[in-house]
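The values are calculated or read from the model by the stated rules, or taken from the named source; none is laboratory data. Quick caveat: nothing in here was measured; it's all calculated off a predicted structure. Every residue, glycine as well, gets a Cβ built from its backbone with ideal geometry; the counts of neighbours run over all protein chains shown. Surface areas here come from the heavy atoms of the whole protein model, side chains and all, with no ligands, DNA or RNA. Shrake-Rupley method; radii C 1.70, N 1.55, O 1.52, S 1.80 Å.
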Amino acid sequence: MLPFASLLLLSPAQAVAPPQDLPEVDAKTLPGVSGPLVPHYPDPSRGAGSTGMDAAIRARARRGVNIPAAALPAGSLRVKDRIPDISGWRAYRIEVPAGGGFKARLHGLHEAWFVVKVLNRWGTLEEGMLQNRIPTGNPEASYRNPKATPNTVFIVVDTTESHVQGEEYTLTITRN
């Protein structure tokens, strides 16, 4: 544990850097898959910062049937990716064994601009995802599979700001 005085000497990049001991994958190399259905939760960018035209453009971009997704390989890893378009979200399919679980934590230059959720293929919450409702101040989510069979769920990276397409981030998935 570092003494408090030495914490003040760390740069923001050093303080939020993802773990370096996990294998890193570029999201462009991951196979595209059908993502979860578009969830029915309010757009996190709707608020004081979004104007009428910006909100309308983003809402139209988010009206598809599914969120674009990529299939994650087995094991703990770091995924380097970026927000692909004005819709402001991206999903990752992850297979979770019976009784298994994972934690997903996003690292980036503007972490406050992101929200991470775990959803099922219908774009809703189910048992084992309740912790997604507890705000921690960090863009992270976790899931514990309560079923006796493997389960497929989706990690959804969403943004709280309009016009963040191209924003790069690293998503760290730690399986347990």
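Structure above, values below:
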quantity: Amide H within-cut-off set for Val25, under 5 Å, with H built and near neighbours excluded; calculated: Arg78, Val79, Lys80
quantity: Amide H within-cut-off set for Val33, under 5 Å, with H built and near neighbours excluded; calculated: Ala69, Ala70, Ala71
quantity: For Thr159, distant residues with modelled amide H under 5 Å away; calculated: Val115
quantity: Residue-normalised accessible area of the stretch 86-176, given per residue in Å² at a 1.4 Å probe; calculated: 46
quantity: Loop GluC sites (Glu not before Pro), the stretch 72-176 (other Cβ atoms within 10 Å of the site Cβ: 12 or fewer; DSSP); calculated: Glu127
quantity: The stretch 161-175 - phi-based ³J(HN,Hα) in whole Hz, Karplus 6.51/-1.76/1.60, Gly and Pro as x; calculated: 10, 7, 6, 10, 4, x, 5, 8, 7, 10, 9, 9, 10, 10, 8
quantity: Karplus (6.51, -1.76, 1.60) ³J(HN,Hα), θ = phi - 60°, over the stretch 55-64, in Hz, Gly and Pro reported as x; calculated: 5, 5, 5, 5, 4, 5, 5, 9, 8, x
quantity: Share of carbon and sulfur in the accessible heavy-atom surface of the stretch 85-126 [1.4 Å probe, %]; calculated: 59
quantity: Coil-residue chymotrypsin sites (Phe, Trp or Tyr not before Pro) of the stretch 81-176, DSSP, other Cβ within 10 Å capped at 14; calculated: Trp122
